[in-house]
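The values are calculated or read from the model by the stated rules, or taken from the named source; none is laboratory data. None of the values given here were measured: they were computed from a predicted structure. Cβ placement follows ideal geometry from the backbone for every residue including glycine, while neighbour counts extend to all protein chains displayed. Calculation scope for accessible area: heavy atoms of the full protein, side chains included, ligands and nucleic acids excluded. Shrake-Rupley method; radii C 1.70, N 1.55, O 1.52, S 1.80 Å.
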Amino acid sequence: MTDQVLKVALEQHAVRTVMDHYRVVEGYEVEDVGNRESYDVRARRGTEELHIEVKGSSGLADKVELTSNEVTHARHRHSPRHRG
């Protein structure tokens, strides 16, 4: 198995795990949006909407790297202008 194949498999497993958790445990409607958004999972429950970035790992992770698009999206979603 190549490193890229392993990386894709880990990411897919992580996304499925997160989606299952938010759907079953938290009661959200979930959608995998990773192929068209700068985050991986959209979770909705009533009027609440979460944008979730998933990072998979095959071991313990001391740090997580985010892309500039992921950081920009998070900053925009949590800015006072966006909330108002």
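Electrostatic bookkeeping for LYS63 treats Lys and Arg as +1 and Asp and Glu as -1; over the other residues with beta carbon under 15 Å from its beta carbon, the sum is -3.
Please report the carbon-and-sulfur percent of the accessible area for the chain; probe 1.4 Å, protein heavy atoms only, DNA, RNA and ligands left out. Using a 1.4 Å probe with all protein chains present, the chain comes out at 50 percent carbon and sulfur. Residue order by solvent-accessible surface for LYS7, LYS55, LYS63 is LYS63, LYS7, LYS55, largest first, with ligands and nucleic acids left out and a 1.4 Å probe. Taking a Cβ cut-off of under 11 Å around GLU37, the surrounding Lys, Arg, Asp and Glu residues balance to a net charge of -3, with basic ones at +1 and acidic ones at -1.
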